[in-house]
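A.B. asks: Okay, handing you the structure first.
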Ligand SMILES: O=C[C@H](O)COP(=O)(O)O
């Protein structure tokens, strides 16, 4: 069975004043034995997030090279040294704002694995692709091109994030999420020896209100949460909803 994982992506949010939220999230996480809690803060807070037992600290990007003349970038070994144990790669905001291609994302995945970081690989279709009925086709292409050979449940988590659902308060219908996750599970299982056990997260406007119904869907092993992960008050109820699923799965 794939591991249950709840991941919070803080994006470019969070100064030191937000650290009490991490402490409260960690308190709740330590009580949840069947769920892994990941927090991806801005890199400035990474070492301090890494100081909390119960939380897997993650970065939000890395360079494909281990070192070199790349002003402003951070390598996977640097992030690992700063306390990261995982890294989000291929997020649609990186793909859109920094023109990251699938090939570049695959290079970053290899670098992350080389530094011992688990990859949370994000894939997702645009609204136009969704409306054109091309969701599964687009995701299959992204998955094939941005996830290199060698993916295992230990080094990879896949997050399905429809671009049009991120930060909008809109989510796909439940049957659509279930259909997509089934397709992703099948593709991973047919490509990698243990691919069927790679955790599949849903991301895009997950909230305390909709988490339980999303987590009840087949092949949804957790969520990648943006806005609602910034405070313990909003994030802990989502963590609890996933723990409920873990209890009866
Ligand atoms: O990485 C997280 C996603 O982009 C989802 O963000 P959101 O929960 O604010 O919609």
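The values are calculated or read from the model by the stated rules, or taken from the named source; none is laboratory data. What you see is a predicted model; the values in this text were computed from it and never measured. Neighbour counts are summed over all protein chains in view; Cβ atoms, including those assigned to glycine, are modelled from backbone coordinates with ideal geometry.
A.B. asks: Tally time: how many residues in segment 150-179 are in contact with a strand residue (DSSP E or B) (Cβ under 6 Å, 6 or more places away or on another chain) and either more than 15 Å from the ligand (Cβ to nearest atom) or over 28 Å from residue 111 (Cβ atoms) (or both)? Steps first, answer last, please.
C.D. replies: Initial filter on segment 150-179 (in contact with a strand residue (DSSP E or B) (Cβ under 6 Å, 6 or more places away or on another chain)): 155-161, 177.
Next, from what is left, pick out any that are either more than 15 Å from the ligand (Cβ to nearest atom) or over 28 Å from residue 111 (Cβ atoms) (or both): 155-156, 177.
Of the residues in that region, 3 qualify.
A.B. asks: Could you please find all residues in segment 109-129 being within 16 Å of the ligand (Cβ to nearest atom) and touching a helix residue (DSSP H, G or I) at 6+ places or on another chain (Cβ under 6 Å)?
C.D. replies: Start the filter on segment 109-129 by keeping residues that are within 16 Å of the ligand (Cβ to nearest atom), which leaves 118-127.
Correct list: 119, 123, 124, 125, 126, 127.
A.B. asks: Something else now. Among 2, 7, which is in contact (Cβ under 8 Å) with a residue 40 or more places away in the chain, within 16 Å of the ligand (Cβ to nearest atom), surrounded by 18 or more Cβ atoms within 10 Å (Cβ to Cβ) and under 16 Å from the mean Cα position of the chain (by Cα)? First the steps, then the outcome.
C.D. replies: On the way: 2 fails: within 16 Å of the ligand (Cβ to nearest atom).
Sole residue among the options that is in contact (Cβ under 8 Å) with a residue 40 or more places away in the chain, within 16 Å of the ligand (Cβ to nearest atom), surrounded by 18 or more Cβ atoms within 10 Å (Cβ to Cβ) and under 16 Å from the mean Cα position of the chain (by Cα): 7.
A.B. asks: Okay, moving on. Please go through segment 195-221 and give me each residue that is more than 12 Å from the ligand (Cβ to nearest atom) and not in a helix (DSSP H, G or I), ordered by number. Give the derivation first.
C.D. replies: Filtering segment 195-221 down to residues more than 12 Å from the ligand (Cβ to nearest atom) leaves 195-200, 209, 212-213, 215-221.
Residues satisfying the conditions are 198, 199, 200, 209, 216, 217, 218, 219, 220, 221.
A.B. asks: Let me ask something additional. Given the structure, is residue 38 within 16 Å of the ligand (Cβ to nearest atom), under 25 Å from residue 199 (Cβ atoms), outside any loop (DSSP other than H, G, I, E, B) and in contact (Cβ under 8 Å) with a residue 60 or more places away in the chain?
C.D. replies: Working: within 16 Å of the ligand (Cβ to nearest atom): yes; under 25 Å from residue 199 (Cβ atoms): yes; outside any loop (DSSP other than H, G, I, E, B): yes; in contact (Cβ under 8 Å) with a residue 60 or more places away in the chain: yes.
Spelling it out, residue 38 is indeed within 16 Å of the ligand (Cβ to nearest atom), under 25 Å from residue 199 (Cβ atoms), outside any loop (DSSP other than H, G, I, E, B) and in contact (Cβ under 8 Å) with a residue 60 or more places away in the chain.
A.B. asks: Let me ask you something else. Checking the structure you have, find out if any residue of segment 85-101 is under 18 Å from residue 38 (Cβ atoms), part of a loop (DSSP other than H, G, I, E, B) and more than 14 Å from the ligand (Cβ to nearest atom).
C.D. replies: Looking for residues that are under 18 Å from residue 38 (Cβ atoms), part of a loop (DSSP other than H, G, I, E, B) and more than 14 Å from the ligand (Cβ to nearest atom), one finds at least one in segment 85-101, hence yes.
A.B. asks: Name the single residue, out of those in segment 222-239 being part of a loop (DSSP other than H, G, I, E, B) and touching a helix residue (DSSP H, G or I) at 6+ places or on another chain (Cβ under 9 Å), that is surrounded by the most Cβ atoms within 10 Å (Cβ to Cβ). Give the derivation first.
C.D. replies: Here is the first cut: in segment 222-239, the residues part of a loop (DSSP other than H, G, I, E, B) are 226, 230-231.
Narrowing the set further to residues that are touching a helix residue (DSSP H, G or I) at 6+ places or on another chain (Cβ under 9 Å) leaves 230-231.
Details: 230: 19, 231: 15.
Going through the qualifying residues, I end up with 230.
A.B. asks: Would segment 128-135 turn up any residue that is under 29 Å from residue 49 (Cα atoms) and in contact (Cβ under 8 Å) with a residue 12 or more places away in the chain? Show your work before the answer.
C.D. replies: Of the residues in segment 128-135, the ones under 29 Å from residue 49 (Cα atoms) are none.
So far as segment 128-135 goes, no, none of its residues is under 29 Å from residue 49 (Cα atoms) and in contact (Cβ under 8 Å) with a residue 12 or more places away in the chain.
A.B. asks: Tell me which of these residue 244 doesn't satisfy, since it passes every other one: (1) over 19 Å from residue 155 (Cα atoms); (2) more than 14 Å from the ligand (Cβ to nearest atom); (3) modelled with pLDDT of 95 or more; (4) surrounded by fewer than 20 Cβ atoms within 10 Å (Cβ to Cβ).
C.D. replies: (3)
A.B. asks: In addition: Exactly one condition in (1) over 26 Å from residue 112 (Cα atoms); (2) surrounded by fewer than 18 Cβ atoms within 10 Å (Cβ to Cβ); (3) without any contact (Cβ under 8 Å) to a residue 40 or more places away in the chain is not met by residue 186; state its number.
C.D. replies: (1)
A.B. asks: Count, please, the residues in segment 12-26 that happen to be buried (at least 18 other Cβ atoms within 10 Å of the Cβ) and either within 12 Å of the ligand (Cβ to nearest atom) or part of a helix (DSSP H, G or I) (or both). If you could, list the steps in order and put the result at the bottom.
C.D. replies: Step one: filter segment 12-26 for residues buried (at least 18 other Cβ atoms within 10 Å of the Cβ), giving 14, 21-22, 25-26.
Add one more test, that the residue is either within 12 Å of the ligand (Cβ to nearest atom) or part of a helix (DSSP H, G or I) (or both), and what stays is 21-22, 25-26.
Number satisfying all stated conditions: 4.
A.B. asks: Additional query: I'd like to verify a number: residues in segment 27-44 that are touching a strand residue (DSSP E or B) at 6+ places or on another chain (Cβ under 9 Å) and either within 19 Å of residue 227 (Cβ to Cβ) or surrounded by 15 or more Cβ atoms within 10 Å (Cβ to Cβ) (or both), how many?
C.D. replies: Residues meeting the conditions: 11.
A.B. asks: Can you find a residue in segment 95-103 that is touching a helix residue (DSSP H, G or I) at 6+ places or on another chain (Cβ under 6 Å) and more than 25 Å from residue 167 (Cβ to Cβ)? If you could, list the steps in order and put the result at the bottom.
C.D. replies: Of all residues in segment 95-103, those touching a helix residue (DSSP H, G or I) at 6+ places or on another chain (Cβ under 6 Å) come to 100, 102.
Add one more test, that the residue is more than 25 Å from residue 167 (Cβ to Cβ), and what stays is none.
No, there is no match, as no residue in segment 95-103 is touching a helix residue (DSSP H, G or I) at 6+ places or on another chain (Cβ under 6 Å) and more than 25 Å from residue 167 (Cβ to Cβ).
A.B. asks: Could you say whether any residue in segment 147-170 is in a helix (DSSP H, G or I), at pLDDT 95 or above and surrounded by fewer than 16 Cβ atoms within 10 Å (Cβ to Cβ)? Please lay out each step first, then the result.
C.D. replies: To start, the set of residues in segment 147-170 that are in a helix (DSSP H, G or I) comprises 163-165.
Subsequent filtering for residues that are at pLDDT 95 or above retains 163-165.
Still in the list and also surrounded by fewer than 16 Cβ atoms within 10 Å (Cβ to Cβ): none.
Checking segment 147-170: not a single residue is in a helix (DSSP H, G or I), at pLDDT 95 or above and surrounded by fewer than 16 Cβ atoms within 10 Å (Cβ to Cβ).
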